[in-house]
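To keep things clear, I will list the structure first and then write my remarks on it.
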Amino acid sequence: MERKSRLSSAQIEKLIEHFVVGTPARSAAPFCKVSRKTAIAWYHRFRTIITTRLSREDLVFDGEVACDESYFGGHRKGKRGGGAAGKVAVFGILKGNGYVHAISVENTRASTLYPIIQKRVVPDSIVYTDTYAPYNILDTSRFHHMRINHVKEFVQGKHHINGIENFWRQAKRHLSSYNGIPQQHFDCYIKECEWRFNYRALANLRTTLYNWVAEVEKALH
């Protein structure tokens with residue numbers, strides 16, 4: 001069970017500011033006048049709170065959406081599906097250049113991805129994917145399936161899936177700053193990336209996280 005923090009409000013706010021701008025916990029510690037251990041623990045707490053709050057949003061997508069999968073970690077490049085040994089598979093759904101939903105998955109088979117699409121995407125929506133075979137199941141589904149061949153084109157008229165590719169790039173760039181991520185905490189890190197992408201502006205990220213943390217602290221009184 002979580003306990004109410006012994007840190008002052010000013011210390012918590014300072015930690016939030018450093019977390020939002022991407023300062024490593026160890027580097028933020030002296031500026032916030034806390035130990036490295038405390039800063040690391042609070043950063044983990046922030047990610048846990050973010051993950052919990054995003055799980056309540058239950059995002060649903062309609063209209064034109066893009067679906068894609070990507071792989072994090074490991075040392076082998078250019079592999080998909082069963083060839084992505086040592087990597088963590090993450091599946092993402094994005095509406096235009098707006099909100100993204102990202103979730104780590106055990107594998108990228110159609111039997112794994114399709115139920116997520118069914119839950120998150122409104123029937124009759126236009127779903128854009130690349131030519132990865134597991135997405136073939138969408139051809140006989142309740143969605144309108146549009147494929148984009150990355151080898152030949154990244155843009156098909158005004159329609160594209162560059163938005164979700166942009167999310168993958170941002171997420172990998174952010175996570176690369178960490179010296180390894182414990183596998184048991186990976187879900188919290190990918191949700192942090194989702195939060196950063198969806199809430200975008202630093203001021204909005206800071207205000208949102210501060211309010212979420214304040215609510216948790218109040219509940220622990």
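The values are calculated or read from the model by the stated rules, or taken from the named source; none is laboratory data. Predicted model, so just to flag it, every value in this text is computed and none were measured. When we count neighbours, we look across all protein chains shown, and the Cβ atoms used for this are built from the backbone with ideal geometry, even at glycine. Accessible surface areas use protein heavy atoms only, side chains included; no ligands, DNA or RNA. Shrake-Rupley method; radii C 1.70, N 1.55, O 1.52, S 1.80 Å.
For the range 117-152, a residue qualifies if it is under 24 Å from G86 (Cβ atoms) and in contact with a strand residue (DSSP E or B) (Cβ under 6 Å, 6 or more places away or on another chain), and exactly one does: Y135.
Give me the residue from the range 119-144 that is out of contact with any Phe, Trp or Tyr (no Cβ under 9 Å at 6 or more places or on another chain) and of a type in the set (S, T, N, Q) and, out of that set, modelled with the highest pLDDT. By that ranking, first place goes to N136.
Any idea which residue in the range 154-173 is modelled with the lowest pLDDT, counting only those that are open to solvent by less than 30 Å² (accessible area, probe 1.4 Å) and of a type in the set (A, V, I, L, M)? Per the stated criteria, the residue is I161. Within the set Q170, Q184, the sole residue that is in contact (Cβ under 8 Å) with a residue 24 or more places away in the chain, among the polar types (S, T, N, Q) and assigned to a helix (DSSP H, G or I) turns out to be Q170.
Looking only at residues of the range 55-85 that are modelled with pLDDT of 65 or more and open to solvent by 70 Å² or more (accessible area, probe 1.4 Å), we find that the one that is nearest to N166 (Cα to Cα) is E64. Has the range 196-209 got at least one residue that is of a type outside the set (G, A, S) and under 17 Å from A41 (Cβ atoms)? Scanning the range 196-209, I find at least one residue that is of a type outside the set (G, A, S) and under 17 Å from A41 (Cβ atoms), so the answer is yes. Consider the range 113-153 and keep the residues that are within 20 Å of I190 (Cβ to Cβ) and free of Cβ contacts under 8 Å to residues at least 12 places away in the same chain. The one that is least open to solvent (accessible area, probe 1.4 Å) is P115.
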